[in-house]
1. For Cα Rg over 2.2 N^0.38 Å, pick the label among (i) 1.56; (ii) 1.21; (iii) 1.37 that corresponds to the value derived from the coordinates.
2. Picking from 142, 84, 169, which is most flexible by a Gaussian network model of the chain using Cα springs under 10 Å?
3. If you rank 91, 27, 77 by how much accessible surface each has, with a 1.4 Å probe, what is the order from largest down?
4. Residue-wise, which Karplus ³J(HN,Hα) couplings in Hz belong to the range 117-129, taking 6.51 cos²θ - 1.76 cosθ + 1.60, θ = phi - 60°, and x for glycine or proline?
5. Given the rule -39500 (n - 2.57) for each run of at least 4 DSSP H residues, summed and divided by the residues of the chain, what is its mean residue ellipticity at 222 nm, to the nearest 500 deg cm²/dmol?
6. I'd like the distance separating the alpha-carbon centroids of the range 120-140 and the range 39-109, in whole Å.
7. Taking the range 81-143 as the region of interest, what is the percent of Cα-Cα pairs per 5 angstrom bin, listed from the shortest bin to the one with the maximum distance?
8. Does the range 42-148 come out rounded, prolate or oblate, given a ≥ b ≥ c as the square roots of the eigenvalues of its C-alpha gyration tensor, rounded meaning a/c under 1.5 and, failing that, prolate meaning a/b above b/c?
Amino acid sequence: VVEATTTTINDVMGVRRSALVLINNTFRVPDSVELIVLSSGSTLNNPTATGYLSKESPIYRSLSMEKVPVGQFDIEFGPAYQVANDEERAFFRSLGMSAYVPVMTDSRLIGLLASGPKLNDMPYYGEDFELLTVIGQQVGTALRSARLIDDLQHLNDSMRVLNKRLENAKMELEKLDTI
């Protein structure tokens, strides 16, 4: 999903780089979510970067509750974002991206599409954010499907283990019956 997403954004949007940022609810930092940045070639075990975002942050509120894209320029200079934690703003700055679009599933923020500067250095306009939003909706569907497949595979593996244990228990009972 990461490779397809970043390649599509880079080609369609004409940008230098892009990434998928997964949102992980965590207890490591109270009242925050973990941000796991995945770009081309990175994996969950070896992400491009990780950070935390407070659920009280105006950045989180815009993306999660208002479900609106946020530009890096807004994070840096927008009056609404000046109250954001300096570490959060520095984290987004370190990614070198220009725009962040929420990826939602069942009205829940599960990730962000991060899109870097355009090849022609033009700013992002409304139609750019609309296109990224549509791509984000498709990514949300793909991630949900991938999660369901992973859950199903895990369930099947668990069933195989339980069936093997049941077979072993049956054989033990049969041995005891013959004694």
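The values are calculated or read from the model by the stated rules, or taken from the named source; none is laboratory data. This structure is a prediction, so every number in the text was calculated from the model and none was measured. Please note: Cβ atoms are built from the backbone with ideal geometry, for glycine as well, and neighbour counts cover all protein chains shown. Note: accessible area is taken over every heavy atom of the protein model, side chains too, but ligands, DNA and RNA are not part of it. Shrake-Rupley method; radii C 1.70, N 1.55, O 1.52, S 1.80 Å.
1. (iii)
2. It is 169.
3. Working: 91 30, 27 200, 77 135 Å².
Heavy-atom accessible area, descending, gives 27, 77, 91.
4. x, 6, 4, 8, 6, 6, x, 7, 10, x, 5, 5, 5
5. Numbers: 4 runs with 81 residues, N = 179.
The helix-only estimate for the chain comes to -15500 deg cm²/dmol at 222 nm.
6. 15
7. So the P(r) values, bin by bin, are 4, 16, 21, 21, 21, 14, 3, 0.
8. On the way: a/c = 1.38, a/b = 1.21, b/c = 1.13.
Rounded, since a/c falls under 1.5.
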